[in-house]
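Just so it is clear, none of the values below were taken in a lab; they were calculated from the coordinates. Note that the coordinates shown come from a computational prediction; the quantities given were computed from them, not determined experimentally. A quick note on method: Cβ atoms are made from the backbone with ideal geometry, for glycine too, and the neighbour counts reach across all protein chains shown.
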Amino acid sequence: MIAAASEVFWNGGAACGDRYVVTCTGATNQGVPHPCTGWSVTVKIVDLCPAKGCRGTIDLSQEAFAVIADPGAGNIQIDYRQ
């Protein structure tokens with residue numbers, strides 16, 4: 001399971017290889033009111049998420065996102081720890 005980090009984490013590439021446990025904590029839009037599955041996923045940071053394309057702190061791969069939330073939700077609120 002992989003993810004891209006925003007500038008908040010990236011630190012000039014120093015974050016590459018770091019692992020985070022990510023959990024869905026709630027919805028961010030009206031599309032899926034209860035998107036969370038109740039599971040957590042451990043992801044490895046493998047890339048920088050460019051400022052224009054990155055809408056949050058961590059951009060999860062589709063596979064990682066599907067573990068913690070309904071893929072139809074698009075964006076979710078998360079809790080994470082290294």
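For segment 60-70, just list the computed ³J(HN,Hα) in residue order, Karplus coefficients 6.51, -1.76 and 1.60, θ = phi - 60°, integers in Hz, with x standing in for Gly and Pro.
Each residue of segment 60-70 in turn: 6, 5, 4, 5, 5, 4, 5, 5, 9, 7, 5 Hz.
Once the Cβ-Cβ distance between T37 and C16 is put in as r, and R0 is 35 Å, what FRET efficiency do you end up with, to the nearest 0.05? Don't jump to the answer; show the numbers that get you there.
Numbers: r = 27 Å, r/R0 = 0.78.
So the FRET efficiency works out to roughly 0.80.
With +1 on each Lys and Arg Cβ and -1 on each Asp and Glu Cβ, and nothing else charged, work out how big the dipole of the chain is about its Cα centre, in Debye to the nearest 20.
With Lys and Arg at +1 and Asp and Glu at -1, about 60 debye.
So for the chain, Kirkwood radius off the Cα pairs, Stokes-Einstein at 10 °C and 1.306 mPa s: how many µm² s⁻¹? The partial results should precede the final answer.
Details: Rh = 12.6 Å.
My calculation gives 126 µm²/s for D.
Lone cysteines in the chain, going by a 4.7 Å Cβ-Cβ cut-off?
Result for the chain is C16, no neighbouring Cys Cβ within the cutoff.
Under the Karplus relation 6.51 cos²θ - 1.76 cosθ + 1.60, θ = phi - 60°, what is the ordered set of whole-Hz ³J(HN,Hα) values for segment 14-25, x standing for Gly and Pro?
Coupling constants for segment 14-25: 5, 7, 4, x, 5, 10, 10, 8, 10, 10, 6, 10 Hz.
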